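> Next up is a structure, given as structure tokens.
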Amino acid sequence: MGLDFLDTSQADFENALLQTKFGKFHIYITLACGLIYMNTAMGITLLSFVLPAATCDFNMGSQHKAWMNASPMLGMIFGSFFWGCLADTKGRKIVLVLTLLGDGLFGLASSVTPWFIAFLVLRFFNGFNIAGAMSICFPYLGEFLPSIHREKILCWMELFWTLGIILLPLIAWGTIPFTEINFQYNEFFFHSWNVFVMVCSLPSIILGCWLFAFPESPKFHYEIGETDKALHILQHMYAVNTRNAPEDFPVKTLKGAEKAESEQRLYGDRTVRQLRIRRPRELALLLKEIWTQTKNLCKKPHLRNTALTCFIQFGLTMSYYTLMLWFPELMQRYEMYEEHHGKDVEASVCDVNNVTDTNNCDGDGVKIDSQVFLHVLYIGFACIPGSFLLPLCVHRVGVKMFLVLGLCAAAVVTIGLYFIRNSIENMLISCFFEALTSLSISVVYVVMVDLFPTNLRVMAAALSMMFGRIGGLIGNLIFGTLLDTNCVFSIILFALLLLVSGLMCLLIPDTSQMNH
């Protein structure tokens, strides 16, 4: 795209962003946000290995495991909305830093608690924090990218999610099988799965500290009228990309920026961004502003898009975060079933229940079969082709049709869970399911960056994510309750939700020409 029309030193934000060129800064910010997204993939699916590994330590049956998976989902319900609102009023970077550090610290605490209820509470706060990081990293990255690169770069984020799905079983395989890590003193215990949880908590702290090296979103500063700060960040981006002096940046002033309505309102002598959470009166004013922003999403012209994205997230996330968190448990059940009955005995997912209950605990607890780690690793590798194809094909197919085809195919694959008869078929179905649904989740985030204006973008993503986590919470409770009694119903339910979500994507407006 040429810039011949830009014949003065004054430009609007999008043209000024183009003038920063595309270079090292964008690679660095993409890498940082990609690693954050990879970390969220690990954090969300981490409990899938804790379920079978901690069965004996926490004396868990299927319903206990359902609550273990549901606890971070419950935290995400509250965290998605809270952090999203805060990011739209206080800024993207500071919220990302807080959520990453919070996730890491609560993760470390959960790795050493010997009480089931305390573990659930701590994982609740893990979910509360990681939801913020997940909902904000896409808008944060997107606001540094010119529109000509934005969609394609955001699609590459799916590759980082895939890397997280691959890295997690490798970490689990490298820690959980070491049964010699077996410290016990009264009620306190520390086993190999505790080491696994501890190791998985460290990346959040490292990434949170690294993020201090990056600036706030220039688009955020621009939209609230802080053009000088936005221009300073653009100059820094230009200098890193071109190795020229910041003063050589051709745009000297930004035009067309008006303070968002929320920033124009004064509360005494303060704007929304200057309100302090630790002061009760100002906290009440901030909550009032958050409610105002939420109402803006729930009325024209945003109501239709808000309702669509919330429903799609509900159906997609309910299916994805339920089955993905239970796949290692189901694989473990298959391995134990085949160990007792032989490899030649056919059994469906619904036939291999109650084989890993607490009656199977011995002195060393339940051991996860090495094939489980290998099969989950295969699931991660199965996502690699789609991760590369998505950014290469998304323009040709279109994000809308990509979602429709991906979710409808995922619905068919989910029905296939009922017809599998051995652990290999279970692994293959899991691979196809993960590849299709994880791609769809990333595409939904890409769409939302362009679907809502800057001052509502993170809040819209957070609101839809909140509905998605409500689905994840309900789905895990349903699956854990019915797995041993009527699992056919839950399989049909998840397939139907994916199908309806896919068809709802036909109603999403075309975002290819939208630019906020």
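> Would you calculate the separation in nanometres between label points at TYR378 and LEU202, each defined as 7 Å from the Cα along the Cα-to-beta-carbon direction?
Output for this residue pair reads 3.1 nm.
> Let me ask another. Once a ≥ b ≥ c are taken as the square roots of the eigenvalues of the Cα gyration tensor of the range 411-478, is the result rounded (a/c under 1.5), prolate (a/b larger than b/c) or oblate (a/b not larger than b/c)? Don't jump to the answer; show the numbers that get you there.
Values: a/c = 4.39, a/b = 2.17, b/c = 2.02.
Prolate is the answer for the range 411-478, as a/c is 1.5 or above and a/b outweighs b/c.
> Oh, and also: Measuring from label point to label point, each 7 Å out along Cα→Cβ, what is the HIS302 to LYS343 span in nm?
Taking the simple label geometry, HIS302 and LYS343 are separated by 5.7 nm.
> With r defined as the distance between the Cβ atoms of PHE489 and ILE94 and R0 fixed at 35 Å, what FRET efficiency is calculated, to the nearest 0.05?
Details: r = 44 Å, r/R0 = 1.27.
Efficiency computed from Cβ-Cβ geometry: 0.20.
> Here's a follow-up. How far is helix 370-382 tilted, in degrees, relative to the longest principal axis of the Cα atoms in the chain, given as a value from 0 to 90 rounded to the nearest 10?
30 degrees
> Add -39500 (n - 2.57) for each DSSP H run of 4 or more in the chain, then divide by its residues: what number comes out at 222 nm, to the nearest 500 deg cm²/dmol?
On the way: 19 runs with 362 residues, N = 516.
Mean residue ellipticity at 222 nm (helix-derived): -24000 deg cm²/dmol.
> About its Cα centre, how strong a charge dipole does the range 399-516 have in debye, to the nearest 20, once Lys and Arg get +1 and Asp and Glu get -1 at the Cβ? Don't jump to the answer; show the numbers that get you there.
Numbers: 4 positive and 5 negative charges, 25 e Å.
Around 120 debye, computed over the range 399-516.
> Let me ask another. Along the Cα-to-C-beta direction of THR242, a point sits 7 Å from the Cα; which residues of the range 194-234 have their amide N less than 11 Å from that point?
Zone members listed by number: none at all.
> May I pose another question? Output wanted: per-residue J couplings in Hz (rounded whole) for the range 110-126, from phi through Karplus 6.51 cos²θ - 1.76 cosθ + 1.60, θ = phi - 60°, x for Gly and Pro.
Computed from phi, the couplings for the range 110-126 are 5, 6, 10, 7, x, 10, 4, 5, 5, 4, 4, 5, 5, 5, 4, 6, 4 Hz.
> Once you have all Cα-Cα distances for the range 152-194, histogram them in 10 Å bins from zero and send the whole-percent values.
24, 30, 22, 15, 8, 1
> To the nearest 20 debye, what is the magnitude of the charge dipole of the range 159-230 about its Cα centre, counting +1 on the Cβ of each Lys and Arg and -1 on the Cβ of each Asp and Glu?
Details: 2 positive and 6 negative charges, 34 e Å.
In total the dipole reaches around 160 debye.
> Which value, in Å², gives the accessible area per residue of the range 361-444 when a 1.4 Å probe is used on the protein heavy atoms? Mind dumping the intermediate values first?
Numbers: 3410 Å² over 84 residues.
Roughly 41 Å² per residue, with all protein chains present.
> Continuing with this model, one more query. At a 1.4 Å probe, what is the % contribution of carbon and sulfur to the accessible area of the chain? Mind showing how you got there, number by number?
On the way: 12910 of 20190 Å².
The value for the chain is 64 percent carbon and sulfur by accessible area.
> Excluding ligands, DNA and RNA, what is the solvent-accessible area per residue of the range 74-124 at a probe of 1.4 Å, expressed in Å²?
Working: 1570 Å² over 51 residues.
Ligands and nucleic acids excluded, the result is 31 Å² per residue.
> Of MET198, LEU170, ILE429, which is farthest along the charge dipole of the chain in the positive direction, counting Lys and Arg as +1 and Asp and Glu as -1 at C-beta?
The one lying farthest along the dipole's positive direction is MET198.
The values are calculated or read from the model by the stated rules, or taken from the named source; none is laboratory data. Computed from a prediction, not measured in an experiment: that's the story for all the values here. Don't worry about glycine lacking a Cβ; one is built from the backbone with ideal geometry, like all the others, and counts go over all protein chains shown. Accessible surface areas use protein heavy atoms only, side chains included; no ligands, DNA or RNA. Shrake-Rupley method; radii C 1.70, N 1.55, O 1.52, S 1.80 Å.
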